[in-house]
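Report on one structure; see the data block that follows.
The values are calculated or read from the model by the stated rules, or taken from the named source; none is laboratory data. Remember, it's a predicted structure, so these values are computed and weren't measured experimentally. Every residue, glycine among them, receives a Cβ derived from its backbone with ideal geometry; neighbour counts consider all protein chains shown. What goes into the accessible areas is simple: the full protein's heavy atoms, side chains included, and nothing from ligands, DNA or RNA. Shrake-Rupley method; radii C 1.70, N 1.55, O 1.52, S 1.80 Å.
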Amino acid sequence: MPEPSSYESRGAVAGTGMGGTMDLAAGEAATLERVPGGPAGGGPDSRPRSLWSDAWRDLRRNPVFLLSALVILFLVVISIWPSAITSGNPLDCDLAKAQDGSAPGHPFGFDGQGCDVYTRTVYGARTSVTVGVCATLGVALLGSVLGGLAGFFGGAWDAVLSRITDVFFAIPVVLGGLVLLSVVTSNSVWPVVGFMVLLGWPQISRIARGSVITARQNDYVQAARALGASPARLLLRHIAPNAVAPVIVVATIALGTYISLEATLSYLGVGLKPPSVSWGIDISAASPYIRNAPHALLWPSGALAVTVLAFIMLGDAVRDALDPKLR
């Protein structure tokens, strides 16, 4: 008998693997002929993605993330190289120009001391970004270590840390800043950063503790423990990579909060002090002249609001991408 053709107009014949044949539709027969490594098979494109690769794919398609990331990138660039967009000196002031409006080369006008508002707004980004990033890194590191150890070992360590955390949660942040920073005479950003780390780590600690407690109950952790993995290996290799996502989300959102807190403390006179350049200092100095020179208050306030909003939007986008329940 002649052999049947591979494909016919409406069907095909395929072996059953048991010595017989069966009729298939043309589409099904074509499916069987596909190479396993192709797009529809088990090739690289069909491999399961990890949480991080899935999150990165979602972030790249999220316009909120792209917009906030561009704003933050711009802030970082002008923080490192403020001379790229301004040639002025933020400490050069001329009282003869006090409260004047915009002029050629001075688009934002002048403040109550005759300083260029545009230049001071640009240089103020360096202080805010430095305080926000350093405080966030310190809070995330300290809180993650303490909370992770408490959640992993439990027992007395967990009980003691929980009570210490409750004590720090009872301290109002602004009141604590007024008390602690009022005795500091240094004019650098590090006392402010240290204060934020001191009062900010309990929140990250609780989140890290809960995330580690959830992760250590997973089957893969129990299997690694049964195979004799050491506590250090369990914590660093199996638990930490799967428990760090909530910490990243909260830390990203908190970064904008720390920038706002620095401006608040500087406005109250206990944070950074002149001659340091800070949006909080400029807002405080411009407040008495709000009727005669509203531009001196508008621009640093607007820069602060945009910066905080950008980091909050970034944190929301990261949260949506890392939360499997939102998929």
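Of the residues that sit in region 165-183 and are among the hydrophobic types (A, V, I, L, M, F, W, C) and in contact (Cβ under 8 Å) with a residue 24 or more places away in the chain, which one is surrounded by the most Cβ atoms within 10 Å (Cβ to Cβ)? Can you show your working first?
First pass over region 165-183, keeping only residues among the hydrophobic types (A, V, I, L, M, F, W, C): 167-171, 173-175, 178-181, 183.
Okay, now just the ones that are also in contact (Cβ under 8 Å) with a residue 24 or more places away in the chain, so 168-169, 171, 173-174, 178, 181.
Numbers: 168: 15, 169: 11, 171: 14, 173: 15, 174: 12, 178: 15, 181: 21.
Once the filter is applied, the top-ranked residue is 181.
Is there a residue being among the β-branched types (Val, Ile, Thr) and surrounded by fewer than 14 Cβ atoms within 10 Å (Cβ to Cβ) anywhere in region 103-125? Full working, then the answer.
The initial filter retains those residues of region 103-125 that are among the β-branched types (Val, Ile, Thr), namely 117, 119, 121-122.
Still in the running and surrounded by fewer than 14 Cβ atoms within 10 Å (Cβ to Cβ): none.
No, that holds for no residue.
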It is to be established whether one or more residues within region 194-202 are in contact with a helix residue (DSSP H, G or I) (Cβ under 6 Å, 6 or more places away or on another chain), farther than 16 Å from residue 135 by Cβ and not small (Gly, Ala, Ser).
no
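Please verify whether residue 304 is open to solvent by 20 Å² or more (accessible area, probe 1.4 Å), in contact (Cβ under 8 Å) with a residue 24 or more places away in the chain and under 21 Å from residue 73 (Cα atoms), treating the condition exactly as stated. If you could, list the steps in order and put the result at the bottom.
On the way: open to solvent by 20 Å² or more (accessible area, probe 1.4 Å): yes; in contact (Cβ under 8 Å) with a residue 24 or more places away in the chain: yes; under 21 Å from residue 73 (Cα atoms): yes.
Taking the combined requirement at face value, the residue satisfies it.
If you take the residues in region 164-202 that are polar (S, T, N, Q) and in contact with a Ser or Thr (Cβ under 9 Å, 6 or more places away or on another chain), which one is nearest to residue 256 (Cα to Cα)?
Residues of region 164-202 polar (S, T, N, Q): 165, 182, 185-188.
Cutting the leftovers down to in contact with a Ser or Thr (Cβ under 9 Å, 6 or more places away or on another chain) gives us 165, 187-188.
Numbers: 165: 22, 187: 22, 188: 20 Å.
If we take residues in region 164-202 being polar (S, T, N, Q) and in contact with a Ser or Thr (Cβ under 9 Å, 6 or more places away or on another chain), then 188 is nearest to residue 256 (Cα to Cα).
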Failed item, numbered, when residue 97 is tested on (1) more than 23 Å from the chain's Cα centre (by Cα); (2) basic (Lys, Arg); (3) under 16 Å from residue 300 (Cβ atoms):
(3)
Among (1) of a type outside the set (Lys, Arg); (2) in contact with a Pro (Cβ under 6 Å, 6 or more places away or on another chain); (3) part of a helix (DSSP H, G or I), residue 258 falls short only on (2)
If you scan region 189-227, which residues turn out to be out of contact with any Cys (no Cβ under 9 Å at 6 or more places or on another chain), open to solvent by 20 Å² or more (accessible area, probe 1.4 Å) and of a type in the set (Val, Ile, Thr)?
207, 213, 214
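Report yes if some residue within region 266-278 is in contact with a Pro (Cβ under 8 Å, 6 or more places away or on another chain) and either closer than 30 Å to residue 102 by Cβ or open to solvent by 40 Å² or more (accessible area, probe 1.4 Å) (or both); otherwise report no.
Keep residues of region 266-278 that are in contact with a Pro (Cβ under 8 Å, 6 or more places away or on another chain), which gives 277.
Checking which are either closer than 30 Å to residue 102 by Cβ or open to solvent by 40 Å² or more (accessible area, probe 1.4 Å) (or both) leaves us with 277.
Yes, region 266-278 contains at least one residue that is in contact with a Pro (Cβ under 8 Å, 6 or more places away or on another chain) and either closer than 30 Å to residue 102 by Cβ or open to solvent by 40 Å² or more (accessible area, probe 1.4 Å) (or both).
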Does region 137-146 contain at least one residue that is in contact with a Leu (Cβ under 9 Å, 6 or more places away or on another chain), crowded, with 17+ Cβ neighbours inside 10 Å and farther than 30 Å from residue 211 by Cα?
no
Within region 285-300, tally of residues that are open to solvent by less than 40 Å² (accessible area, probe 1.4 Å) and either within 30 Å of the chain's Cα centre (by Cα) or hydrophobic (A, V, I, L, M, F, W, C) (or both)
5
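Look at region 243-269 and say how many of its residues are more than 15 Å from residue 136 (Cβ to Cβ) and within 17 Å of the chain's Cα centre (by Cα).
Looking only at that region, the number is 2.
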If you go through region 245-254 one residue at a time, do you hit one that is more than 30 Å from residue 175 (Cβ to Cβ) and open to solvent by 60 Å² or more (accessible area, probe 1.4 Å)?
no
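Out of all the residues in region 246-284, which are polar (S, T, N, Q) and more than 21 Å from residue 185 (Cβ to Cβ)? Steps first, please.
Here is the first cut: in region 246-284, the ones polar (S, T, N, Q) are 252, 257, 260, 264, 266, 276, 278, 284.
Result: 252, 257, 260.
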Report yes if residue 161 is touching a helix residue (DSSP H, G or I) at 6+ places or on another chain (Cβ under 9 Å), among the aliphatic types (A, V, I, L, M) and open to solvent by less than 60 Å² (accessible area, probe 1.4 Å), otherwise no.
yes
Looking at residue 52, is it under 29 Å from residue 241 (Cβ atoms), open to solvent by 60 Å² or more (accessible area, probe 1.4 Å), under 19 Å from the mean Cα position of the chain (by Cα) and touching a residue at least 24 places away in the same chain (Cβ under 8 Å)?
no
Do the conditions hold for residue 190, that is, is it among the aromatic types (Phe, Trp, Tyr) and without any contact (Cβ under 8 Å) to a residue 60 or more places away in the chain?
yes
